[in-house]
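See structure below.
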Amino acid sequence: MPPDPELVTYLKLHGQEHLLRFWEELDSVARGNLVREIRSLDLDRLDSLIHSLVLTENGDSSLPPIDRVKPIDVRRLPRTDAERVARRQVAEIGAAALAAGEVGVVLVAGGSGTRLGFEGPKGTYPIGAVTGSSLFQIHAEKIVAAGKRYGKPIPLYVMTSPENNQSTSDFFATHKNFGLSHVRFFVQGQMPAVDQSTGKVLLAGAGQIALSPDGHGGTLKALAQPDQSGVSCLDEMRNLGIRTLSYFQVDNPLVRIADPAFLGLHRQAGAEMSFKVIEKQFPEEKLGVVVSVDGIAQVIEYSDLPPVLAERREPEGGLELWAGSIAVHILERSFIERLVSEHSLPYHRAFKKVAYINDSGTLVKPSTLNAVKFETFIFDALPLAERSVLAESNRSIEFEPLKNATGPDSPVTVRQQMSNVFADWLEGAGAIVPRKPDGSSEFAIEISPLYALDAVELKSKLAPGFVVEGPLAIR
Ligand code: UTP
């Protein structure tokens, strides 16, 4: 049976009729799947993205004129005793929100993790330096521990992709949700990859479009998407009395989830979306920077930041645009509700290597970049927030993401930094901890959040005279 003539006309209108090239070779099930995939594409929207981001020379340049880009006001880390006392008071506001059950946690884990090159969802990676606990386990145990501390279990919402949803939920099920009382998985949307020189949608198989997750900005839409029983995550949160969301990404095991001080700063300011930032170390560092453009906060991705801006310095010598985002946010549920009903986040392009079926039906695995993927970014919601707080955090304590298989941000650096943080906690609790000549921990150390969520808790539990004599795991 030939394809529906209306579908053929629709595809021709958009220059994508090649998607039916292998129609004759497909059985009826494969044909049905292909038609469903094609119908799920918004080809009008795709046309304009291909036109503006693929076929236009200068592509993704949403950058404002550089003289309008200014540094942003950031709540610095407390440096004096008075500031430390004030921060502890602010943390009480966050603690009260947690105790009232008004806070939920959103963990985004829908990415493909191509740079790490690990089989399976990145969250299942055994990153624990001693026991090989997974990223998911570390995050989940922090949430369980925080729920116990504040006397109210904290619900977790995990964003997956169509590709990794099953394996992710199976992993949680195998581990009995790591003791969490409420976990809900929600699946993000997808976008097709297109050939970077022609803008044609790529086929991953004879009857299959090359689809990939639509970026972490897809979180907002996906939270509003009803499930089979018609209830979205946002609906559920409303019913549970959750007003504020602690958002983080799967790759950073040092993240402070539902940090009461950060929640407190956010709430005290009546903010709709808040960011944790760290000081960029050098101009080319691959961190998006939070800046002010005509008084409105926004993020410029590192790849879009022109050197003339990246290198601009303060009179004292520091970088002027120093506030690097570590993708740790607080969002008001009401802000997301407003955003999904009134706005859509802009798409950005990403050049990638994408395997595809060529005209003669052969699978091509390119060794160079051949395709453009379209993604939205969560930080593009920032300018839409009426109020926001940018809170400085301490890089060495809170940020060491797992991105690459080797080199920076790889298992080796992440495990070492986790051990260093735990070594500091142990020393703070009076233990003797061997160090390498560069000051890092000599031994691998792992402390389960279920034993101690932070240095203060460890100090209250550790026996006097504790000596680290080799790799150490405390649970
Ligand atoms: P990255 O930008 O590091 O992308 O995602 P990635 O897909 O995980 O890895 P690479 O680039 O292919 O190597 C940062 C965070 O955003 C999530 C990821 O799971 C990670 O927690 N993310 C990214 C999504 O949830 N969905 C996406 O579409 C993209």
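Just so it is clear, none of the values below were taken in a lab; they were calculated from the coordinates. Remember, it's a predicted structure, so these values are computed and weren't measured experimentally. Here Cβ is always computed from backbone atoms with ideal geometry, including for glycine, and neighbour counts include all displayed protein chains.
Counted over all Cα-Cα pairs of region 1-115, pairs farther apart than 16 Å make up 79 percent. Exposure proxy shown here: for Met418, Met159, Met1, the number of other Cβ atoms within 10 Å sets the order, fewest to most, as Met1, Met418, Met159.
Counting only aspartates and glutamates at least 8 places from Lys221 when in the same chain, those with an alpha carbon closer than 14 Å to its own are Asp235, Glu337, Glu342, Glu375, Asp380. Helix 81-99 and the longest principal axis of the C-alpha atoms of the chain enclose an angle of approximately 60°.
The angle between the Cα long axis of helix 28-40 and the main principal axis of the chain comes to about 70°, on a 0 to 90 degree scale.
Ranking Thr80, Pro64, Gly32 by Cα position along the charge dipole of region 1-87, where only Lys, Arg, Asp and Glu carry charges on their C-beta atoms, puts Thr80 farthest toward the positive end.
Mind grabbing the base-10 log of I(q)/I(0) for the chain at q = 0.06, 0.14 Å⁻¹? Debye formula, identical points on the C-alpha positions, no solvent, two decimal places. Debye intensities relative to I(0), on a log10 scale: -0.30, -1.50. Trp23 sits among other residues whose Cβ lies under 12 Å from its own Cβ, and their net charge, with Lys and Arg +1 and Asp and Glu -1, is -3. Of all beta bridges that DSSP places with both ends in the chain, some 60 percent have antiparallel geometry. Farthest towards the positive end of the charge dipole of region 378-475, among the residues Val456, Ile445, Phe399, is the Cα of Ile445, using unit charges on the Cβ of Lys, Arg, Asp and Glu. Only lysines eight or more places from Lys461 in sequence, or on another chain, were considered; those with a Cα closer than 23 Å are Lys142, Lys148, Lys152. Selection among Val255, Ile143, Gln196 by position relative to the dipole of the chain gives Ile143 as farthest towards the positive end (Cβ unit charges, Cα centre). Quick one: angle between helix 411-428 and the longest Cα principal axis of the chain, in degrees between 0 and 90, rounded to 10, please. With rounding to tens, the tilt is 20 degrees. In straight-distance terms, cross-link reach from Lys353 covers every one of the lysines whose alpha-carbon lies under 24 Å from its own, apart from those fewer than eight places away in the same chain; here that gives Lys122, Lys200, Lys286, Lys365, Lys373, Lys403. Once you sort the root eigenvalues of the Cα gyration tensor of region 359-407 as a ≥ b ≥ c, which label holds: rounded (a/c under 1.5), prolate (a/b larger than b/c) or oblate (the other case)? It comes out oblate by the Cα gyration axes. Could you tell me whether region 158-224 comes out rounded, prolate or oblate from its Cα gyration tensor? Rule is a ≥ b ≥ c as square roots of the eigenvalues, rounded for a/c under 1.5, then prolate if a/b exceeds b/c, otherwise oblate. Note, shape of region 158-224 comes out prolate. Shape of region 228-377 from the C-alpha gyration tensor: oblate (a/c of 1.5 or more and a/b not above b/c, with a ≥ b ≥ c the square roots of its eigenvalues).
Summing Cβ point charges (Lys, Arg +1; Asp, Glu -1) relative to the Cα centre of the chain gives a dipole of roughly 1120 debye.
Within the shell defined by Cβ-Cβ distances under 15 Å, the residues around Leu426 carry a net charge of -3, with Lys and Arg each +1 and Asp and Glu each -1.
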